[in-house]
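Engineer: After the structure tokens below, expect a handful of questions from me.
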Amino acid sequence: MVDDELYREIILEHYHHPRYKGALPDANLTAEGINPLCGDELTLYLKTDGDRIVEASFEGRGCSISQASASMLTEALRGLTIEEARQLMERVKAMLTGAPHEPFDEDEDLSALEGVRNYPVRIKCALLAWTTLEEMLEAK
Amino acid sequence: MSVQIAATYDVQTIRADFPILKRRVDGNPLVYLDNAATSQKPRQVIDALVQYYEQSNANVHRGLHTLAEEATEAYETARAKVAHFIGAEPESLVFTRNTTEAINLVAYAWGLANLREGDLIVLSEMEHHSNIVPWQLVAQRTGAKLHYVPFTSEGELDMEALESLLRQEPKLVAITHVSNVLGTVNPVQEITRKAHAVGAKVLVDGAQAVPHKLVNVTQIDCDFYAFSGHKMLAPTGIGALYARQELLEQMPPFMGGGSMIRKVTHEFSTWADVPTKFEAGTPNIADAVAFGVAVDYLQRVGMEAIQQHEQSLTEEALRLLEAEEDIVIYGPRDARKRCGLVSFNFKHVHPHDVAQILDKRGIAIRAGHHCCQIIMRRLDVTATARASFYLYNTLEEVRAFWKALDDVRKVFGKYGGR
């Protein structure tokens, strides 16, 4: 009965132990995202050194999918260049919306989000962190 | 103490009238507990739509042929049924799309003509967005100010705060009859009496009340009362506004077009009698006719019997949920102070996840802010889960819902109750 496809272990684990949760006082990039349908809120913080992301964190309230996705994002962004972050964002968005993309390896946490695709109303939850990132990078 | 259903209430016969209740979801029988969002429709209402389109379809108030006469007769009969159902006369009942449109009609037609800079509009913090946003729009255009009556920790309206706002002589009090999140039934008759004493007009949002309890607008004595058909067995797209006839006569039209005129010249027009003055264009005839049939259905079962049945279901839901240490319940604890719904949260699981897991069992509940972000902020949550009942729900369904909450614990529980 338990919904394994959606609630994969790694998603629950990120939800219960978010990686980089909390404000980043010396962030030089921040953006706020909101899902008006469900009221989920998210603030994303990045600290960059030149073109490279050195720290990333998030604050927010929401369902397991939106929070786990944000946690995975902060973990994945650290060490990437802005351009690499943009490419990763496009790849995750493509995975969630069913567009062609280079699949994630099974041992990459982000691959756990693939199951969300079969739950149309939850795709927006998983996308929230990534669309917030997109807005941040566009505003940059 | 165990809750029982009145022996005279034949829920199985009622259920047999609702084709959708035979549906299965993921192999499970559907348990539909999202009635505050919209109700299911009985065969009689669905048949009324088919019969109207197969037998009598024509435009109303204009043709001289048989079908036009039948359609007009059916439409106006439905108006009379719906009006009488809430203790009003047909002349004071305007068909709208839904509660939202009914409130907007008052906001634009009455509000823009009667509100001035500095005037006070009193709302409550338990309003649905449909009874907030139209007033914000009108306030922006007129310079009127909005004040909100808070609710107590028990989920009841703070009557002292209301009375102190009334001393500032507001022009309008717009208040919900039943909260769609807390389930609270507000004392709208008392509020109306007090508001009238200081010269304020009163609008009541009855979207969650008319489907579930006997409502009499003449007794409440309010000036405006708005409600939707789709929450009370009728199709979507049809609702109603009751307004005092003299107010309808004074108010300028909301929308202009066909039907609502008496005479049109190059420069100006004069208006049809109320309520037609507020029904520009071809109305939603078929759904209005079916609205009348829905009202017939509810009256046949009896609103008091329905209310009592829902109260038993609510009592059982409250009793089962209150015993759970990992669950928080919102709104009054006394089922007699509520209409048939219960909002709740797991302490450590988001309501979307709760609703998703219950859906796998065929159990449909709502999770979200329920168009009440002000309540959510007051409760310090972003969303709640909500189970809402109607005349066809059973005690077994309430218990199935409660039992399925264990699935939530199975998915989320192993993290030490976090």
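The values are calculated or read from the model by the stated rules, or taken from the named source; none is laboratory data. Owing to the predicted nature of the structure, the values given are computational and were not obtained by experimental measurement. Virtual Cβ from ideal backbone geometry, glycine too; neighbours counted across all protein chains shown. Note: areas computed on protein heavy atoms with side chains; ligands, DNA, RNA excluded. Shrake-Rupley method; radii C 1.70, N 1.55, O 1.52, S 1.80 Å.
Engineer: Mean separation of Cα pairs under 8 Å and 6+ residues apart, divided by the residue count of chain A: what relative contact order is that in percent?
Structural biologist: The normalised contact order for chain A reaches 27 percent.
Engineer: Can you compute the FRET efficiency between B:Thr236 and B:Gln308 using 1/(1 + (r/R0)^6), with r the Cβ-Cβ distance and R0 = 35 Å? Round to the nearest 0.05.
Structural biologist: 0.80
Engineer: May I ask you to list the trypsin sites (Lys or Arg not before Pro) in segment B:151-254 that are in a DSSP loop and have at most 12 other Cβ atoms within 10 Å of their Cβ?
Structural biologist: Within segment B:151-254, the qualifying trypsin sites (Lys or Arg not before Pro) (loop, at most 12 other Cβ atoms within 10 Å) are B:Arg167.
Engineer: Another question, if that's okay. Heads up, I need the accessible area for A:Glu90: 1.4 angstrom probe, whole protein in place, Å², nearest 10.
Structural biologist: So the heavy atoms of A:Glu90 present about 90 Å² to solvent.
Engineer: Which pairs in the list B:Lys337/B:Lys403; A:Lys124/B:Lys201; B:Lys194/B:Lys231; B:Lys81/B:Lys337; A:Lys124/B:Lys171; A:Lys93/B:Lys231 are over 31 Å apart, alpha-carbon to alpha-carbon?
Structural biologist: As for pairs spanning more than 31 Å Cα to Cα, those are A:Lys124/B:Lys201; A:Lys124/B:Lys171; A:Lys93/B:Lys231.
Engineer: Taking all protein chains together and a probe of 1.4 Å, list B:Glu163, B:Glu73, B:Glu310 from the most accessible to the least accessible.
Structural biologist: The most accessible residue leads, giving B:Glu73, B:Glu163, B:Glu310.
Engineer: Additional query: Buried by at least 10 Å² relative to the chain on its own: which residues of segment B:312-360 qualify, computing accessible area with a 1.4 Å probe on protein heavy atoms?
Structural biologist: B:His348, B:His350, B:His352, B:Asp353, B:Gln356, B:Ile357, B:Lys360
Engineer: For A:Thr48, list long-range residues whose amide hydrogen, built 1.01 Å from N in the peptide plane, is under 5 Å from its own amide hydrogen.
Structural biologist: Under 5 Å from the amide H of A:Thr48: A:Asn28, A:Leu29, A:Val54.
Engineer: Considering amide H positions built from the backbone, and no H for Pro or chain starts, which residues 5 or more places from B:Lys201, or on another chain, come under 5 Å of its amide H?
Structural biologist: For B:Lys201, whose amide H was placed from the backbone, the distant partners under 5 Å are B:Leu172, B:Val173.
Engineer: Another question, if that's okay. Computing the accessible area with a 1.4 Å probe over protein heavy atoms, can you report the carbon and sulfur percentage for segment A:1-89?
Structural biologist: 48
Engineer: Applying 1/(1 + (r/R0)^6) with R0 = 41 Å to the Cβ-Cβ distance of B:Ala7 and B:Met255, what FRET efficiency is obtained, to the nearest 0.05?
Structural biologist: 0.25
Engineer: Hey, got a sec? Which chymotrypsin sites (Phe, Trp or Tyr not before Pro) in segment B:288-387 land in a DSSP loop and have at most 10 other Cβ atoms within 10 Å?
Structural biologist: Filter output for segment B:288-387: empty list.
Engineer: Using only the alpha carbons, work out the radius of gyration and Dmax of segment B:46-300 in angstrom.
Structural biologist: Gyration radius and largest Cα-Cα distance of segment B:46-300: 18.6, 60 Å.
Engineer: Between segment B:289-347 and segment B:181-195, what's the alpha-carbon centroid distance in Å?
Structural biologist: After rounding, the separation between the Cα centres reads 18 Å.
Engineer: So if each residue of separation counts as 0.36 nm, and I subtract the Cα-Cα distance between B:Lys410 and B:Glu160, what length gain in nm does that give?
Structural biologist: Extending this stretch completely gives an extra 85.5 nm.
Engineer: Once you charge only the Cβ atoms, +1 for Lys and Arg and -1 for Asp and Glu, what is the size of the charge dipole of segment B:46-300 about its Cα centre, to the nearest 20 debye?
Structural biologist: In debye, rounded to 20, segment B:46-300 gives about 360.
Engineer: Then there is this: With all protein chains present and a 1.4 Å probe, how do A:Arg91, A:Arg78 order by accessible area, largest first?
Structural biologist: A:Arg78, A:Arg91
Engineer: From Cα pairs below 8 angstrom and at least 6 apart in sequence, can you work out the relative contact order of segment B:46-300, rounded to a whole percent?
Structural biologist: 25 percent.
Engineer: Follow-up. Chain pair A, B: how much accessible area is buried, both chains summed, with a 1.4 Å probe, in Å² to 100?
Structural biologist: 2100
Engineer: Quick one: net charge around A:Ile53, please, counting Lys, Arg +1 and Asp, Glu -1 for every other residue with C-beta under 10 Å from its C-beta.
Structural biologist: Once positives and negatives cancel, what remains is -1.
Engineer: Using a 1.4 Å probe, how large is the accessible area of B:Glu304, given in Å² and rounded to the nearest 10?
Structural biologist: 130
Engineer: Filter the trypsin sites (Lys or Arg not before Pro) in segment B:91-144 to those in DSSP coil with at most 11 other Cβ atoms within 10 Å of their Cβ, and list the result.
Structural biologist: B:Arg116
Engineer: Convex hull over the Cα atoms of chain A, averaged projected area in nm²?
Structural biologist: 8.2
Engineer: A further question on this structure: Rolling a 1.4 Å sphere over the protein heavy atoms, what is the accessible area per residue of the protein assembly as shown, to the nearest Å²?
Structural biologist: Heavy-atom SASA per residue in the protein assembly as shown reads 42 Å².
Engineer: Which order do you get for A:Ile53, A:Ile34 if you rank them by accessible area with a 1.4 Å probe, largest at the top?
Structural biologist: The most accessible residue leads, giving A:Ile34, A:Ile53.
Engineer: Taking a point 7 angstrom from the Cα of B:Gln219 along the C-beta vector, which residues in segment B:68-98 have backbone N less than 19 Å away?
Structural biologist: Those under the cut-off are B:81-90.
Engineer: First compute the accessible area of segment B:46-300 with a 1.4 Å probe, then give the percent of it belonging to carbon and sulfur atoms.
Structural biologist: Exposed carbon and sulfur together represent 48 percent of the surface.
Engineer: Heavy-atom accessible area of B:Glu125 with all protein chains present, probe 1.4 Å, nearest 10 Å²?
Structural biologist: Only protein atoms counted, so the area is about 40 Å².
Engineer: Divide by every residue of chain A the summed helix terms, -39500 (n - 2.57) for each DSSP H run of at least 4, and state the resulting mean residue ellipticity at 222 nm, rounded to the nearest 500 deg cm²/dmol.
Structural biologist: -13500 deg cm²/dmol
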